[in-house]
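Participant: Below is one structure. I have some questions about it.
The values are calculated or read from the model by the stated rules, or taken from the named source; none is laboratory data. The structure presented is a predicted model; accordingly, all values stated were derived computationally and were not measured. No Cβ is skipped: glycine too gets one built from the backbone with ideal geometry, and neighbour counts run over all protein chains shown. Accessible surface is based on the protein model in full, side chains and every heavy atom, while ligands, DNA and RNA are left aside. Shrake-Rupley method; radii C 1.70, N 1.55, O 1.52, S 1.80 Å.
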Amino acid sequence: MPDLLSHALIGYILATLLGVRYDWIDSTYVTVVMAGAFIPDIMKIAIVLPSATVSDAIGMPFEWFALHTLGGATLSILIGVTLVAPRIRSRVGALLGVGAVSHLVADAMLLNVTGRSFPLFWPLSPWRPPSPGLYLSTDPGPAFVLSVIALLVWALKRSTGDTIGTSEPRTR
Amino acid sequence: MLTTRNRRLIALGVLISALGLLCVWYGVFTPAPQAGIYPGNPDISDTPERYIGDRVVVHGTVVSTSPLSIRLDTPATPVIVITDLDRRVTVNQELSVFGVLTAERTVRANRSLTVPKQNVWYMYFVSALAGLWVLTRLLRGWTIDWQRLELTPADQPQEEA
């Protein structure tokens with residue numbers, strides 16, 4: 001996957017741009033999109049607790065990668081939605097969704113030795129789409145380009161005098 | 001309505017169990033090349049005899065350059081010999097190979113990928129940085145009500161239950 005910084009930057013950029021259209025998306029909610037962008041990589045828990053270890057312990061097949069699919073992301077988003085007040089649930093759910101989907105799409109373009117990406121639509125489909133193979137998760141290129149874009153977006157917002165990203169009180 | 005601590009705990013229990021089941025279900029995936037699901041490390045490690053002659057994907061650490069061999073990261077840590085590789089590699093590099101399993105422990109390479117070690121360190125470093133960035137934003141922008149197990153935006157008063 002592109003490194004987590006790239007995912008966080010994509011979330012930041014998308015959320016700040018969405019905030020142009022939906023003015024309730026302030027700094028608090030930009031953070032929600034960025035958190036959503038981390039969701040699929042919860043599967044990285046496999047680095048400290050390998051799938052094979054869990055599988056042996058429970059006596060059944062087990063693969064953390066399920067968390068890095070549409071199904072896994074949906075359940076994780078529902079967990080996030082459970083933890084907030086009912087009146088902001090649809091906002092939080094939608095924004096976590098934006099973040100998580102942006103992560104899955106960015107990862108689907110990773111260079112892969114088979115030329116195919118991962119089953120991002122699972123469990124709806126086991127299909128692994130062909131990947132355009134744009135970058136490796138270890139390439140510094142994406143984070144550099146995205147940092148520049150994020151800075152531009154941030155500067156643009158500040159120069160238009162918008163309250164997004166600042167701590168000024170807002171009337172709702 | 002899911003507004004109390006107990007109801008939230010129940011919901012979380014259900015959702016986390018569902019996630020666990022999802023991980024078990026995903027673990028049952030069997031190779032299906034027509035869907036782009038090629039036999040990988042676990043298959044080659046446990047039952048290589050099923051896939052001789054098939055296209056497979058293996059990745060591991062280079063343990064020898066003569067013959068070129070990689071050690072897979074599965075519990076059995078088998079060593080696989082790679083033939084026909086069109087790139088130079090050194091011991092300890094991470095190597096991914098897509099090719100044909102010509103014998104139980106031999107893959108004839110079709111395509112391959114390596115990652116320089118310093119790039120892996122770079123990735124871990126910036127990912128940790130990103131984690132800190134988002135965590136800081138979360139801690140500043142949201143507060144936790146432990147009594148109701150609820151997150152609220154820090155700049156908004158909490159609703160009365």
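Participant: (1) over 30 Å from B:Pro39 (Cα atoms); (2) surrounded by fewer than 23 Cβ atoms within 10 Å (Cβ to Cβ): which one isn't true of A:Leu9, the others all being true?
Facilitator: The single condition A:Leu9 does not satisfy is (2).
Participant: Can you name the number of the only condition in (1) more than 10 Å from every other protein chain (Cβ to nearest Cβ); (2) within 28 Å of A:Ala73 (Cα to Cα); (3) within 21 Å of the chain's Cα centre (by Cα) that B:Val62 fails?
Facilitator: Checking B:Val62 against (1) more than 10 Å from every other protein chain (Cβ to nearest Cβ); (2) within 28 Å of A:Ala73 (Cα to Cα); (3) within 21 Å of the chain's Cα centre (by Cα), the one that fails is (2).
Participant: Next question, about the same structure. For the list (1) crowded, with 17+ Cβ neighbours inside 10 Å; (2) more than 22 Å from A:Arg116 (Cα to Cα), I need the number of the one condition that B:Val100 fails.
Facilitator: Every listed condition holds for B:Val100 apart from (2).
Participant: Next question. Residues of region B:52-77 being outside any strand (DSSP E or B) and either open to solvent by 30 Å² or more (accessible area, probe 1.4 Å) or modelled with pLDDT of 95 or more (or both), which ones?
Facilitator: B:Ile52, B:Gly53, B:Asp54, B:Ser66, B:Pro67, B:Asp73, B:Pro75, B:Ala76, B:Thr77
Participant: What residue, of B:Thr136, B:Thr106, is β-branched (Val, Ile, Thr), open to solvent by 30 Å² or more (accessible area, probe 1.4 Å) and in contact (Cβ under 8 Å) with a residue 12 or more places away in the chain?
Facilitator: Only one candidate passes the filter, namely B:Thr106.
Participant: Does at least one position in region A:27-44 carry a residue that is within 11 Å of chain B (Cβ to nearest Cβ), among the aliphatic types (A, V, I, L, M) and surrounded by fewer than 19 Cβ atoms within 10 Å (Cβ to Cβ)?
Facilitator: Looking for residues that are within 11 Å of chain B (Cβ to nearest Cβ), among the aliphatic types (A, V, I, L, M) and surrounded by fewer than 19 Cβ atoms within 10 Å (Cβ to Cβ), one finds at least one in region A:27-44, hence yes.
Participant: While we're looking at this one, here's another question. Going through region A:18-68 one residue at a time, which ones are assigned to a loop (DSSP other than H, G, I, E, B) and of a type in the set (A, V, I, L, M)?
Facilitator: Listed by number, the residues that qualify are A:Ile25, A:Ala37, A:Val48, A:Leu49, A:Met60.
Participant: Another question about this same structure. Does at least one position in region B:136-146 carry a residue that is assigned to a helix (DSSP H, G or I), over 23 Å from B:Ile80 (Cβ atoms) and at pLDDT below 95?
Facilitator: Within region B:136-146, not a single residue is assigned to a helix (DSSP H, G or I), over 23 Å from B:Ile80 (Cβ atoms) and at pLDDT below 95.
Participant: Another question, then. Kindly list, by first and then second residue, each pair from a residue in region A:95-117 that is over 14 Å from A:Leu70 (Cβ atoms) and modelled with pLDDT under 95 to a residue that is open to solvent by 20 Å² or more (accessible area, probe 1.4 Å) and among the basic types (Lys, Arg), limited to pairs with Cβ atoms under 6 Å and residues at least 6 apart or on different chains.
Facilitator: Matching pairs, first to second residue: A:Val113/B:Arg111; A:Arg116/A:Arg128.
Participant: Being over 23 Å from B:Leu151 (Cα atoms), free of Cβ contacts under 8 Å to residues at least 60 places away in the same chain and of a type outside the set (A, V, I, L, M, F, W, C) is the filter here; which residues of region A:1-30 pass it?
Facilitator: A:Arg21
Participant: Could you tell me which residue of region B:1-46 is nearest to A:Ile79 (Cα to Cα), considering only residues that are polar (S, T, N, Q) and surrounded by fewer than 16 Cβ atoms within 10 Å (Cβ to Cβ)?
Facilitator: Checked region B:1-46; the qualifying residue nearest to A:Ile79 (Cα to Cα) is B:Ser17.
Participant: Hey, another quick one. Are any residues in region A:76-103 within 8 Å of another protein chain (Cβ to nearest Cβ), part of a helix (DSSP H, G or I) and open to solvent by 30 Å² or more (accessible area, probe 1.4 Å), and if so, which ones?
Facilitator: A:Leu78, A:Ile79, A:Pro86, A:Arg87
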